[in-house]
Every structure is written in structure tokens, then in C-alpha cells.
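The values are calculated or read from the model by the stated rules, or taken from the named source; none is laboratory data. Remember, it's a predicted structure, so these values are computed and weren't measured experimentally. FYI the Cβ positions are ideal-geometry reconstructions off the backbone, even for glycines, and counts take in every protein chain you see.
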Amino acid sequence: MSAETVRRDVVVAGLSDLRERERIVVDVDGLELGVYFHAGEVRAWHNVCPHQGGPVCQGKIMPRTVQLVREGRKSGGPGFHPTDRNIVCPWHGFEFDILTGRHPADSRVGLRPIPVRVEGDDVIVTI
Ligand code: FES
């Protein structure tokens, strides 16, 4: 006899509510996840940081830091990307792109995705 994993869909938020809040952190049967709305997209990530297991989805959402370049290829100092956003883990500050889940300096490191979709106003995860 083989053990079979049964997956199921769970409505975790209303899209209109998620749009306003940008992020919610929910517990679905002991699985904590962060659900995000950014740039018209919805993503869900497991709330465990790949660094040391911190509650990454409870971290701040910050614009991605960029190096500004002025005319003549001179440095304009640090600045912020106009649209890209990172999730900043509250334990040690590792950052992850809100849409890809990837660490900006090492694309091998990233958050664990949870399948998510929108039907009408329902935001539904599959766990
Ligand atoms: S546990 Fe997230 S940065 Fe260390």
C-alpha cells in the first residue's frame, strides 16, 4: 500500500483585501505562508527563511536597492527601484524578490513557493 499525498485548495483571502494590505500571513493546518499582491500578481511563499528558518514573510517589504548611474557613467549613489520589491527577513535581513522569491545576489537561494491562484475575488492556495 502506498502513502498518497492529498492536496487541497483553501481560500486564504479576498483579492480586494489582499490588494489593500499587499501581504497577509496565514496558518493553514499548521503550514504558515505569506500571500502577496504586487504589480498585479499574486504569490504565496512558505514562511520559512532558507537562511536559518526565520519567519521571512513577516518581514518588511522594501523597494529593491539599486546603484544609480549619472551621465558620464558616474555614480549617483544608492537609490531604490521604482517598482521592484523585496521581502526582508526580520531575523538577519536576507532579501528576496517578492515575485520570484529569489535572493538578489544568489539566485540559487530562494523562498519555497506555494501554488496560488485567483478565482473571482477568492485567493486560493493549494497545499
Ligand atoms: S533566518 Fe532569515 S535572514 Fe537569517
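Annotations for the structure displayed:
- Taken as a whole, the structure leaves I114 outside the set of residues that are over 22 Å from D9 (Cβ atoms), surrounded by 18 or more Cβ atoms within 10 Å (Cβ to Cβ) and not polar (S, T, N, Q).
- Taking every residue in segment 50-64 that is free of Cβ contacts under 8 Å to residues at least 60 places away in the same chain and closer than 24 Å to H81 by Cα and pairing it with any residue that is surrounded by 15 or more Cβ atoms within 10 Å (Cβ to Cβ) and among the aromatic types (F, W, Y), at least 6 positions away or on another chain, the pairs with Cβ-Cβ distances below 7 Å are V56/F96; C57/W45.
- Screening K60, K74 for residues that are exposed (fewer than 15 other Cβ atoms within 10 Å of the Cβ) and within 11 Å of the chain's Cα centre (by Cα) leaves exactly one candidate, K60.
- For G77, the conditions (1) in a strand (DSSP E or B); (2) touching a residue at least 24 places away in the same chain (Cβ under 8 Å) are fulfilled apart from (2).
- One residue from G72, G101, G93 being among the small types (G, A, S) and in contact with a Phe, Trp or Tyr (Cβ under 6 Å, 6 or more places away or on another chain): G101
- The residue that is nearest to M62 (Cα to Cα), counting only those in segment 80-127 that are among the charged types (D, E, K, R) and in contact (Cβ under 8 Å) with a residue 12 or more places away in the chain, is R85.
- Single residue of V56, V28 found to be hydrophobic (A, V, I, L, M, F, W, C), at pLDDT 95 or above and more than 23 Å from A105 (Cα to Cα): V28
- Scanning segment 49-60 for residues that are more than 8 Å from the ligand (Cβ to nearest atom) and either under 16 Å from P115 (Cα atoms) or touching a Leu at 6+ places or on another chain (Cβ under 8 Å) (or both) yields one hit, C57.
- Counting only residues that are surrounded by 15 or more Cβ atoms within 10 Å (Cβ to Cβ) and touching a residue at least 40 places away in the same chain (Cβ under 8 Å), segment 38-49 holds 8 of them.
- Filter result for the condition that a residue is at pLDDT 95 or above, touching a Phe, Trp or Tyr at 6+ places or on another chain (Cβ under 8 Å), more than 16 Å from the ligand (Cβ to nearest atom) and under 30 Å from I127 (Cβ atoms), over R43, R85: R43
- The lone exception for P63 - which of (1) within 15 Å of the ligand (Cβ to nearest atom); (2) over 30 Å from E4 (Cβ atoms); (3) assigned to a strand (DSSP E or B) it fails: (1)
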